[in-house]
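In what follows, a single structure is set out as C-alpha cells and then discussed.
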Number of protein chains: 2
Amino acid sequence: MPSSGLETVSQSKAFGGVQSVFRHQSVETGTSMRFAAFLPPQAEVAPVPVLWFLSGLTCTEDNFTVKAGAQRIASELGLALITPDTSPRGDGVPDDPDGAYDFGLGAGFYVDATEKPWATHYRMRSYLERELPELVADALPLDMTRQAVSGHSMGGHGALTMALRTSARFRSVSAFAPIVSPLNCPWGHKALTGYLGPDRTAWREYDACALIEDGARVPAILVDQGLADGFLAEQLKPELLEEACAGTGIELTLRRHPGYDHSYFFIASFIEDHLRWHARALAR
Amino acid sequence: MPSSGLETVSQSKAFGGVQSVFRHQSVETGTSMRFAAFLPPQAEVAPVPVLWFLSGLTCTEDNFTVKAGAQRIASELGLALITPDTSPRGDGVPDDPDGAYDFGLGAGFYVDATEKPWATHYRMRSYLERELPELVADALPLDMTRQAVSGHSMGGHGALTMALRTSARFRSVSAFAPIVSPLNCPWGHKALTGYLGPDRTAWREYDACALIEDGARVPAILVDQGLADGFLAEQLKPELLEEACAGTGIELTLRRHPGYDHSYFFIASFIEDHLRWHARALAR
C-alpha cells in the first residue's frame, strides 16, 4: 500500500486491521525516521479519519503502539492511528552530552531547534506539521480533512501546542499527563534553553499556556492526569492550563484520577475515553 | 499486602485495579524470581479467582503484562492475573552455550530438568506447580479453588501440559499458538533433549498430545492460532492436538484466524474471548 519512499519495517494484523511500522528518509530531520500506523478494517473500503499520538520522553513509535491497547477501539471506531518517533536518531545526530533522558535522543520536544548543534536535525515541529502529514496523506488511505491529535507527557505538550498553532488542521485535541507549560518546569527550561536559546520570547510558541495567553484557541481540550504521578507537582502542573483556559471559551475537561501514575497503565486505562471523544468530534 | 518473602518491584494502578511486579527467593530454582500480578478492584473486598498466563520463548513476566491488554477485561470480570517469568535467571544460571533464544534463559519450557548443568536451577515445573501457587495463596487475596491457566507458544505448551497433569487444580485451560507436541517439533527436540536427555519416554509428561494419548483429560480446551504465524507448520502443528483430542471427550475449540501472526498483536486481538471463556468456567 505505501508508495515509494516508505519502507515497511513490520506489519501485523491486529483487531481486524493492520498495525505497521514504516521507515523513510526525512528531508526535515535529515535522518531515517520511523513511525507506526494502525489502519482499521474500514480503511479497506474508504479513507478513514486519523488520530496522531505523540509520545513522551524516552519513547519511540513503539511504546504507545504496543502498550496502550488503542487498536481495539480504533478498529471499532474506524480510526487510523499514527505514532511518530520522539526525535531524530542515527549517525551524526547529537545527544545530550551526559546522555540524560530529558534532552536529545528521545526528547525532541516537538520543536524546530535554532541552536547549534541541534538545529540541523532536531526539526520535529516541521516534520510533524508538514512533512509527515504530506507523506501519509499520499501513502495511506487517510481522510486528512478529519484529523485529531493526542499525546502523553512531552507528547501531550506536543499535541496541545501543535493543535493551538495549527487549529484548522485538527478537529480535536487531548492529552495524558501533559507538560502544559515548558516555561514553568525544569524539563521545559532545559529543553527550550538547549534547542532555542535563552530568549524566552522564542519559547512561547512551544508553550500551551503561553499560546493561549497570546490568543491561540481550540474549541475544547480533554486532559487526564493521574494524582499519583511523580511528575505532577514539579513538571506537569495542570492547574496552569486551567488558569490559562479560564474565560477564553476553550472548554477544558481536566480529569484528575486518584492513584494513577505516569505509566502506560494509566494511558491504557483511559485511552478508550479519548478515542471515543475524538471520534465524536471527527464525526461532526 | 504481600507477606514476608515478596518484595514489590513496581506497582501501578490500572483499570481500577493494581498491576504489580514482585520478586522473591525461590527454593525450587535457587534464584531470585520475578512475577507479575494484576489484582482487580473486586480483590479489595473478597478473594478473587485467578488466571495464570505462561509466556513464550524470550519473554519475561513483562511481555504479557504490558502488551496483551488483559487488565481491562480482568478488571471487569474480577479476575486476578499471575504472569511468571519463563526461566530462572541470574548469577550461576547456565544459558545455551551459543546464546540461542530457544534454550536456557527465557526458555525454561516449564520442565524440571534432569540433565546437568540444567537440573540445579531449571525447575519451572515444580516452581509453578507447587512453590509459586503456595506463595501467592499466602500473600494475595486469591480464591485458589478457582484457578485457570493459559499461555502463548512455549507458554501454551506449559499451560496445556500443566492442566493435563494437574487437572484438579484448574477449572479451564486455553492457549494462543501453543507448541502442542514437543515430541514432534525442532523447538521441543532441542529443549527436551537438553533438559531431560535423549530418552523420549521421559518427554511424554511434557507433551500435551502424549499426555492425552496416555489418558490425561480436561473437559475442554480453547486454542487460537493465527494462519500467518511463521512457526505454524514447523513448530506449532495444532492439527496434532485435534488428532489427540478426537474421540477422547475433550471438547477442543480450535480457531484458525487468517492473517494473524505470532505476535502480541494476535494475543491482544483475542485475549478478551479467552478471559470471558475462563470466567464462565470459574463461575460454575
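The values are calculated or read from the model by the stated rules, or taken from the named source; none is laboratory data. Quick caveat: nothing in here was measured; it's all calculated off a predicted structure. Neighbour counts are summed over all protein chains in view; Cβ atoms, including those assigned to glycine, are modelled from backbone coordinates with ideal geometry. The area values use the complete protein model at the heavy-atom level, side chains included, leaving out ligands, DNA and RNA. Shrake-Rupley method; radii C 1.70, N 1.55, O 1.52, S 1.80 Å.
With N counted as the residues of chain A, its alpha-carbon radius of gyration over 2.2 N^0.38 Å works out to 0.93. Of the heavy-atom accessible surface of the protein assembly as shown (probe 1.4 angstrom), what whole percent is carbon and sulfur? Taking all protein chains in place, the protein assembly as shown shows 51 percent carbon and sulfur surface. Per residue, the solvent-accessible area of the protein assembly as shown (1.4 Å probe, heavy atoms of protein chains only, all protein chains present) comes to 36 Å². Cross-link partners of B:Lys116 among aspartates and glutamates, defined as those whose alpha carbon lies under 14 angstrom from its own and excluding same-chain residues fewer than eight positions apart: B:Asp95, B:Asp96. Reported to the nearest whole Å, the Cα centre-to-centre distance from region A:101-170 to region B:44-60 is 38.
Label region A:1-160 by shape, choosing from rounded, prolate and oblate, from the square roots a ≥ b ≥ c of the eigenvalues of the Cα gyration tensor; if a/c is under 1.5 it is rounded, and otherwise prolate applies when a/b is larger than b/c, oblate when it is not.
Values: a/c = 1.97, a/b = 1.68, b/c = 1.17.
Note, shape of region A:1-160 comes out prolate.
Counted residue by residue at 0.36 nm each, then reduced by the alpha carbon distance between them, the extension gain from A:Glu239 to A:Gln25 reaches 73.1 nm.
Within the protein assembly as shown, antiparallel bridges make up roughly 45 percent of the DSSP beta bridges whose residues both belong there. What are the aspartates and glutamates whose alpha-carbon lies under 16 Å from the alpha-carbon of B:Lys237, with same-chain residues fewer than 8 places away excluded? Result set, ordered by chain and number: B:Asp207, B:Asp224, B:Asp229, B:Asp261. Need one word for the protein assembly as shown: rounded, prolate or oblate. Basis is the Cα gyration tensor (sqrt eigenvalues a ≥ b ≥ c); a/c below 1.5 gives rounded, then a/b vs b/c decides. Cα axes put the protein assembly as shown in the prolate bin.
The amide H of B:Leu252, built 1.01 Å from its N in the peptide plane, has B:Ile221 as neighbours under 5 Å, considering only residues 5 or more places off or on other chains.
Only lysines eight or more places from A:Lys13 in sequence, or on another chain, were considered; those with a Cα closer than 20 Å are A:Lys67, B:Lys67.
Counting protein heavy atoms only and a 1.4 angstrom probe, how many square angstrom of accessible surface do chains A and B bury in total, to the nearest 100?
Details: alone 11120 and 11100 Å², together 20560 Å².
The buried area between A and B, both sides summed, comes to about 1700 Å².
The relative contact order of chain A, computed from alpha carbon pairs under 8 Å that lie at least 6 residues apart in sequence, is 17 percent.
Taking the axis that rotates chain A onto chain B, the chain A residue nearest to it by Cβ, with the distance rounded to whole Å, is A:Gly69, 2.
In this rough spin-label picture, where each label sits 7 Å from Cα along the Cβ direction, the B:Thr145-A:Arg165 distance is 6.3 nm.
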